[in-house]
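J.: Got a structure for you, written out below as structure tokens; questions coming shortly.
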Amino acid sequence: MPRDKLRLNIVLEKPLHRFLSKISKRDGASLSSKARDLIREALELQEDLYWERKAKSRAKTFHSKTALTHQAVWK
């Protein structure tokens with residue numbers, strides 16, 4: 001039977017496990033759900049960094065004289 005959620009096994013160093021355990025208890029969450037939430041947040045930050053680098057790269061090649069106006073694009 002297919003599952004909506006996939007499983008992932010990870011190995012943590014003791015200090016990292018203690019910290020994860022502490023914050024999951026603080027937030028009233030299980031270790032796995034807290035780890036999932038933190039991974040999701042880290043991936044979102046990585047995505048933001050990717051798009052920031054992409055925007056900086058595109059900004060270097062931008063020339064206002066050859067750029068299309070808003071009106072030209074949305075005609």
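J.: Taking the Cβ of SER30 as the center, what net charge do the other residues with Cβ under 11 Å away carry, scoring Lys and Arg +1 and Asp and Glu -1?
T.: Result for the neighbourhood of SER30: +1.
J.: Another question, if that's okay. Using Rg and Dmax of the Cα atoms in Å as the read-out, say which of [x] 13.7, 42; [y] 21.5, 60; [z] 11.8, 39 was calculated from these coordinates.
T.: [y]
J.: Evaluate the charge dipole of the stretch 26-67 about its Cα centre and quote only its size in Debye, nearest 20, assuming +1 on the Cβ of each Lys and Arg and -1 on the Cβ of each Asp and Glu.
T.: Dipole size: approximately 360 debye.
J.: Give, as a single signed number, the net charge of other residues whose beta carbon lies under 12 Å from the beta carbon of GLN46, with Lys and Arg counted +1 and Asp and Glu -1.
T.: Charge balance in the 12 Å sphere: -3.
J.: In addition: If you stretched the chain out fully between GLU52 and LEU68, how much longer would it get, using 0.36 nm times the residue separation minus the C-alpha to C-alpha distance?
T.: 3.6 nm
J.: Taking the Cα centre of the stretch 1-54 as origin and charging only Cβ (+1 Lys, Arg; -1 Asp, Glu), how large is the dipole, in debye to the nearest 20?
T.: The dipole of the stretch 1-54 has a size of about 360 debye.
J.: Residue-wise, which Karplus ³J(HN,Hα) couplings in Hz belong to the stretch 19-34, taking 6.51 cos²θ - 1.76 cosθ + 1.60, θ = phi - 60°, and x for glycine or proline?
T.: Karplus-based 3J(HN,Hα) across the stretch 19-34 equals 5, 4, 5, 5, 6, 5, 5, 4, 8, x, 10, 6, 4, 5, 5, 5 Hz.
J.: Please work out the average accessible area per residue across the chain, using the 1.4 Å probe convention, and give it in Å². Don't skip to the end; give the middle numbers.
T.: Working: 7770 Å² over 75 residues.
With all protein chains present, the chain gives 104 Å² per residue.
J.: Could you run the Karplus curve 6.51 cos²θ - 1.76 cosθ + 1.60 with θ = phi - 60° over the stretch 50-62 and give me ³J(HN,Hα) per residue in whole Hz, x for Gly and Pro?
T.: 4, 5, 5, 4, 5, 5, 5, 5, 5, 4, 5, 9, 6
J.: So, by mean Cβ neighbours within 10 angstrom, what's the order for 59-71, 19-31, 38-50 with the highest one leading?
T.: Going from most to least packed, we get 19-31, 38-50, 59-71.
The values are calculated or read from the model by the stated rules, or taken from the named source; none is laboratory data. Here the structure is a predicted model, which is why all the values come from computation and not from measurement. As a convention, Cβ positions derive from the backbone with ideal geometry for all residues, glycine included, and neighbour counts pool all protein chains shown. Surface areas here come from the heavy atoms of the whole protein model, side chains and all, with no ligands, DNA or RNA. Shrake-Rupley method; radii C 1.70, N 1.55, O 1.52, S 1.80 Å.
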